[in-house]
């Protein structure tokens with residue numbers, strides 16, 4: 001009896017072909033060390049572009065992207081099968097730009113941009129010719145994202161963009177930025193926003209890396225002086241930017257979600273190692289600190305497991321993600337502080353790459369989540385108003401043209 | 001509250017949808033508590049000579065309150081596949097209404113006898129416990145400690161058994177008890193015995209309790225004779241048996257505490273919506289909102305730790321084993337919830353203001369229960385030390 005060609009058999013055949021190509025063309029992961037976040041060099045990025053191009057030309061890029069946009073037109077299961085087989089091999093690694101380009105920009109473009117936009121950009125993204133970053137925050141607009149001032153003014157068949165963006169991860173190596181601009185100042189804040197594909201290599205665009213407290217260069221400031229953008233580079237509709245923002249944030253949340261979470265069963269290995277190095281494992285205060293760190297680790301994992309199950313089951317409002325973000329923002333710094341106390345002098349004076357060095361770096365980095373991607377305060381507002389149902393804050397901007405909002409703000 | 005996120009209304013012990021059987025258990029338990037011992041009646045009993053309605057335990061037993069951790073063949077039974085899940089759900093519902101009675105210590109004894117009891121225990125005592133006709137409490141605390149194994153009671157072998165002498169502190173409902181499960185160092189070895197509360201030489205010293213809805217006391221034992229069939233387990237099994245008992249007690253305790261904190265938090269959020277100051281509900285002020293959001297996170301983390309601990313210890317009970325992994329998770333929940341309940345009850349108190357410091361307001365009932373549960377069966381500090389030991393250090 002001959003077997004019917006079932007989807008599973010298709011998938012198995014696809015997987016086998018993928019494995020064959022991967023083993024012949026990709027390097028095993030152990031062979032090379034990838035640079036840390038924010039430590040990529042131009043040489044590294046251009047080598048990775050070549051690698052992405054070879055994937056694209058061999059038909060392994062955009063596996064579940066429609067064929068008319070340069071993808072393979074297959075299912076997410078096919079994409080997962082390839083990813084599965086490629087585990088343990090070096091895939092193109094653009095650092096944070098991998099996540100932004102393929103996890104945020106690509107799905108947002110496919111979901112919310114015009115046909116001509118998709119035909120123009122998606123094949124180039126898949127071929128490694130376009131890396132994308134986000135141009136959201138500004139020196140004057142962080143938590144209040146819709147309060148941005150970067151201005152796009154129509155001029156013939158173009159927009160002229162002026163303004164400053166900040167905290168753009170990876171902008172120095174990016175080709176385009178998902179850029180939120182203000183296109184109408186005489187309507188309420190959320191109604192005058194438009195997203196534009198901003199060409200970062202164009203005249204008038206200047207990228208300046210910002211050095212962070214940990215010494216890294218992950219974020220950039222982007223100055224936009226009369227940057228000219230074609231009208232058809234608008235993403236979504238003109239003045240419909242707030243709806244586009246929501247679409248993008250949904251993909252962003254999805255891209256940031258980690259893999260499957262499991263409860264840690266090994267006692268806080270970093271803290272045990274530090275205590276052992278200092279010969280303090282018998283000290284009851286240190287033992288309490290180790291246990292406290294372990295308790296945080298376990299309970300945070302338990303929270304992720306529980307709430308992700310609730311969100312899946314209820315096809316939820318998405319608000320519950322605020323708990324996970326607030327837990328990071330509160331417990332990352334506490335956890336990092338515990339390691340500092342266990343480490344004592346080891347985290348103050350250390351050999352490079354030692355446990356003490358890692359501890360001090362984590363201590364500096366541990367505070368990022370309390371302000372990045374929605375500060376603790378924004379999460380608390382979301383939990384209080386959207387989940388607990390407490391009355392909303394009085395909105396002093398309601399119904400006012402944004403121009404008027406700015407004028408009135410000076411009268412407080 | 002939770003209008004857009006009904007998933008958050010799930011019990012702590014089971015994050016998802018309840019099975020029809022568990023939903024029935026929940027509903028019948030809620031109805032029973034509403035009818036027999038709602039908070040106004042609880043207050044009357046707390047001030048009276050007995051802490052609960054006369055037939056409270058027997059009627060609770062009809063709902064299965066003391067059968068969940070007992071094997072079917074000994075007259076026990078549960079509605080889900082895991083008795084500990086059912087028992088923890090009951091504990092959570094009890095916590096929401098600060099119910100009286102020795103629920104945790106009696107279930108620990110039922111579990112211990114079901115696993116290690118003598119033939120006589122299984123034939124005579126266990127069925128009576130399951131039926132709520134025999135009150136058996138776990139008296140684990142040695143003096144100056146809320147924990148066992150410090151040699152608070154010493155046994156000396158005699159021809160037909162042994163004689164016990166010593167003290168057990170912080171014993172729940174000692175006056176109502178018919179028997180006590182306690183540990184004793186007998187000829188240098190740690191053992192457990194089920195002691196007849198009415199035996200010669202057993203004296204109960206009633207004490208006042210921080211939790212006014214519970215009765216507490218001290219047990220003084222002076223040369224009490226116990227026979228071979230009074231022992232529970234052997235010298236070889238006792239250390240692991242005690243460890244599992246602590247796991248079971250910890251899980252039930254944190255489930256009860258989280259049930260209480262969940263109710264207190266609901267009351268507090270409602271109050272923040274209702275109370276007007278400066279021309280607006282106080283819950284519209286960001287300072288109050290942020291306080292409540294932080295408490296809400298602590299509550300959800302507490303629920304998550306309870307669910308994880310219930311699942312881990314239930315798996316150990318199913319396999320009749322004592323794994324360090326499950327004990328670590330149980331201790332994690334006990335340590336975290338003990339600390340979190342303090343923060344939640346203080347945060348709720350802050351929102352209530354003056355009314356929360358009155359006897360008339362129910363806040364102190366929840367605060368008292370949470371504080372007692374924090375100390376019983378190991379304080380957070382003790383459980384953190386246990387975590388490190390179980391973690392191999």
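The values are calculated or read from the model by the stated rules, or taken from the named source; none is laboratory data. If you're wondering where the values come from, they're calculated on a predicted model, not measured in any experiment. All Cβ positions, even for glycine, are placed from backbone atoms using ideal geometry, and neighbour counts span all protein chains on display.
Summary table below
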{"item": "Some residue of region A:367-380 being closer than 22 Å to residue A:211 by Cα, away from chain B (no Cβ under 14 Å) and touching a helix residue (DSSP H, G or I) at 6+ places or on another chain (Cβ under 6 Å)", "result": "yes"}
{"item": "Some residue of region B:167-182 being more than 23 Å from the chain's Cα centre (by Cα) and more than 30 Å from residue B:40 (Cα to Cα)", "result": "no"}
{"item": "Flag for residue B:224 being buried (at least 16 other Cβ atoms within 10 Å of the Cβ) and not assigned by TED's automatic domain parsing to the domain that holds residue B:379", "result": "yes"}
{"item": "Test for residue B:364: is it more than 18 Å from residue B:95 (Cα to Cα), out of contact with any strand residue (DSSP E or B) (no Cβ under 9 Å at 6 or more places or on another chain) and either in a helix (DSSP H, G or I) or within 8 Å of chain A (Cβ to nearest Cβ) (or both)", "result": "no"}
{"item": "Residue in region B:77-93 that is modelled with pLDDT under 95 and under 15 Å from residue B:132 (Cα atoms) present", "result": "yes"}
{"item": "Residue B:384 vs. criteria within 14 Å of chain A (Cβ to nearest Cβ), without any contact (Cβ under 8 Å) to a residue 12 or more places away in the chain and either farther than 20 Å from residue B:210 by Cα or outside any helix (DSSP H, G or I) (or both)", "result": "no"}
{"item": "Only listed residue being farther than 16 Å from residue B:332 by Cβ, modelled with pLDDT of 95 or more and either in a helix (DSSP H, G or I) or more than 10 Å from chain B (Cβ to nearest Cβ) (or both), chosen from A:302, A:313, A:327, A:276", "result": "A:276"}
{"item": "Qualifying residue in region B:339-346 (condition: within 18 Å of residue B:95 (Cβ to Cβ), part of a helix (DSSP H, G or I), within 13 Å of another protein chain (Cβ to nearest Cβ) and free of Cβ contacts under 8 Å to residues at least 60 places away in the same chain)", "result": "yes"}
{"item": "Meets criteria (at pLDDT 95 or above and more than 14 Å from chain B (Cβ to nearest Cβ)) for residue A:399", "result": "no"}
{"item": "Test: residue A:357 is at pLDDT 95 or above, in contact with a helix residue (DSSP H, G or I) (Cβ under 9 Å, 6 or more places away or on another chain), surrounded by fewer than 17 Cβ atoms within 10 Å (Cβ to Cβ) and away from chain B (no Cβ under 14 Å)", "result": "yes"}
{"item": "Elements of type strands (runs of 3 or more DSSP E) in region A:186-270, at least 1 residues being within 30 Å of residue A:364 (Cβ to Cβ)", "result": "A:205-210, A:219-230"}
{"item": "Number of the exception - residue B:319 against (1) surrounded by fewer than 24 Cβ atoms within 10 Å (Cβ to Cβ); (2) more than 10 Å from every other protein chain (Cβ to nearest Cβ); (3) more than 17 Å from residue B:372 (Cα to Cα); (4) in contact with a helix residue (DSSP H, G or I) (Cβ under 9 Å, 6 or more places away or on another chain)", "result": "(4)"}
{"item": "Check on residue B:148, under 25 Å from the mean Cα position of the chain (by Cα), modelled with pLDDT under 95 and in a strand (DSSP E or B)", "result": "no"}
{"item": "Filter result (more than 7 Å from chain A (Cβ to nearest Cβ) and part of a helix (DSSP H, G or I)) within region B:279-293", "result": "B:282, B:287, B:288, B:291"}
